[in-house]
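Worksheet for the structure shown next.
The values are calculated or read from the model by the stated rules, or taken from the named source; none is laboratory data. Just so it is clear, the structure is predicted and the values come from calculations on it, not from any experiment. Cβ: placed from backbone, ideal geometry, glycine included. Neighbour counts: every protein chain shown. When the accessible area is computed, the model is the full protein with side chains, heavy atoms only, and any ligands, DNA or RNA have been set aside. Shrake-Rupley method; radii C 1.70, N 1.55, O 1.52, S 1.80 Å.
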Amino acid sequence: LRWGRRSGLWRVRRQSQVIAWFGIAPFLVGSAAEALLRHEFDPPFPAVVHLLALTFVAAVAVSMARFRMMMLTSSSVATAVLEGTRDILILLDADGRVVDVNRRTLELGGVPRDELVGRPGTLLAADPAAADAFVDALLASPGGTHRAALSGRTAAGEEIPYQLTGTVIRDRYGDPLWMLVVGHDERTSRRLSSETSQRQLAQARLAEEKELLRVTLRSIGEGVLTTDIDGRVLMMNPVAETLTGWPQAHAAGRPLSEVLSLLDERTRTPIRELERATGEGLERDGGVLLRTRGGVEIPVAYSAAPMRDQADRRIGMVVVLRDISGLRRLEADLIRVGKMESLGVLSGGIAHDFNNLLTAILGYVQLARMGAPGPGPINERLSQAEQACLRAQGLTRQLLTFSQGGTPILRPVAVGPLVREVAALATGGSATRCEVHVAPGTPPALADDG
């Protein structure tokens, strides 16, 4: 009884009660018989009943204790295992006739058990000749086992590929008694193989897509960051690492506002709209400064769009950064070019007016030379004035050429006379005397003398 109470199994408690009752009753009967027979017989009658009762109790205890081990090898357990397997099991006699089959065989064959038992096992095969060859090879195999691939046929006429394994059960003299044939449905293996191949192909395609995405992100000239649903950084491409100053390993898992510090360029206030973005995308083409990890401020433009799964649920966000420092420099260059164009138009107009004035002055100087007396200081000074006017006209032509986008007119020019003329104009009317020395044989220069 104590053994039964210690166990949590109902079967064990029931066993202990049976043993106790079957032991107590014979013990009481034996004790009473011994007490009565002791007074009737001299010498006393041996306690045979008592001994038999104790022997019976011991036998019951031993048998009940062994009952649990016997359950593991009972035919009911074996039947349950065989009936529950998904492989077909066929037991044939030495002549190849069906002795028994399991439930799976009946399900696939569509034939009742009574119609199979006692008939040739080749009825279940799509090719009876191949089935006979398998049985012959099984009986002739030295090790008592044989494997082969055969096809079975269902009641509906469908062929099912099987991988058969046969085992010969022999008596102690070596004569065959039965043959156990186990058939594994190859459709399941093929389906698993196909699913495995498809899964491997999908994994390979996914790996290719990841590699393509990685190469693309590394190749583009814009910074790309991705975040999860909580706004924490998942991935950054190298351009984003360069712009923000945060390496991927240090930025992963940090809030986006910590890695991406954005300021309004005009008000210098932090921009928080990326942290609050929940629906549609955001975009700013300018007016934003990115403060890097080292404290440097870079003008940027950015755009953000949500990431969604197949169920259209938002799972994160993608942020694209563009460094517009070069664009700012290009805009400044364009402004300078526009100013230069305006200045060219202005200088062209002034040059036209100045050229008209010089023409009038030159005409009066030439008239004065015509009315001046012979060679002398007055004629020399008027000649210098004429040369200065001609030189000024050359300069105005040069201004007009550059203002109109033309090119100078190049021709061979003697260097010595040109230098003397320019020096004389530069020092005319001053107390400075200029001496020009030109080496003999100096070649002419290809230039616009104006």
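Quick look at the numbers
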| quantity | calculated |
| --- | --- |
| Among SER193, VAL181, ALA252 the positive-end extreme of the charge dipole of the chain (Cβ point charges) | ALA252 |
| Ellipsoid semi-axes in whole angstrom, largest first, where each is sqrt(5λ) of the Cα gyration tensor of region 337-445 | 29, 22, 12 |
| Cut-off 13 Å between beta-carbons: net charge of the residues surrounding GLY416, Lys and Arg +1, Asp and Glu -1 | -2 |
| Efficiency of FRET from Cβ geometry, THR79 and ARG172, R₀ 22 Å, rounded to 0.05 | 0.30 |
| Computed Rg/Rh of region 244-330, alpha carbon atoms with Kirkwood Rh | 0.99 |
| Protein accessible area in the chain, 1.4 Å probe - carbon and sulfur % | 60 percent |
| Most fluctuating residue given options PRO120, PRO247, PRO440, as computed from a GNM of the chain linking Cα atoms under 10 Å | PRO440 |
| Protection-proxy order for peptides 200-213, 164-177, each taking the mean of Cβ atoms within 10 Å per residue, highest first | 164-177, 200-213 |
| Per-residue HN-Hα couplings for region 295-304 [Karplus 6.51, -1.76, 1.60; θ = phi - 60°; Hz; x = Gly/Pro] | x, 7, 9, 10, x, 9, 10, 9, 9, 9 |
| Kirkwood-Stokes translational diffusion coefficient of region 152-269, alpha-carbon pairs, 4 °C, 1.567 mPa s, µm²/s | 63 µm²/s |
| Per residue accessible area in Å² of region 85-129, where ligands, DNA and RNA are left out and the probe is 1.4 Å | 52 Å² |
| Surface accessible to a 1.4 Å probe, per residue, for the residues of region 175-329, Å² | 60 Å² |
| Theoretical gain in end-to-end length, LEU123 to GLU435 [0.36 nm per residue, Cα-Cα removed] | 99.3 nm |
| Gained length - ASP132 relative to ALA149, 0.36 nm times residue gap less alpha-carbon distance | 4.8 nm |
| Karplus (6.51, -1.76, 1.60) ³J(HN,Hα), θ = phi - 60°, over region 102-113, in Hz, Gly and Pro reported as x | 8, 5, 4, 5, 5, 5, 6, x, x, 10, x, 4 |
| Estimated FRET transfer efficiency (ASP114, LEU1; beta-carbon r; R0 41 Å; 0.05) | 0.25 |
| Computed over the chain: relative contact order in percent, which uses C-alpha pairs under 8 Å that are six or more apart | 6 percent |
| Radius 11 Å from Cβ of GLU258, net charge of other residues (Lys, Arg +1; Asp, Glu -1) | +2 |
| Percent of Cα pairs exceeding the 22 Å cut-off, where the set is region 102-189 | 27 percent |
| Rotationally averaged projected area of region 194-339 (alpha carbon convex hull; nm²) | 11.5 nm² |
| Relative counts (whole %) of C-alpha pair distances in the chain, using bins that are 20 Å wide | 13, 16, 16, 21, 11, 9, 9, 4, 2, 0 |
| Computed magnitude of the charge dipole of the chain (debye, nearest 20; Cβ of K, R +1, Cβ of D, E -1) | 1320 debye |
| Interchain or long-range residues, amide H under 5 Å from ALA447's placed H | ARG411, VAL413 |
| Nearest-ten-degree value, helix 415-427 long axis tilted from longest Cα axis of the chain | 70 degrees |
| Tilt relative to the chain, helix 10-40 - C-alpha long axis, 0 to 90 degrees, to 10 | 20 degrees |
| Share of Cα-Cα pairs in region 152-200 lying beyond 12 Å, as whole percent | 72 percent |
| Using a Förster distance of 35 Å, the FRET efficiency for ARG266-LEU213 (Cβ separation, nearest 0.05) | 0.45 |
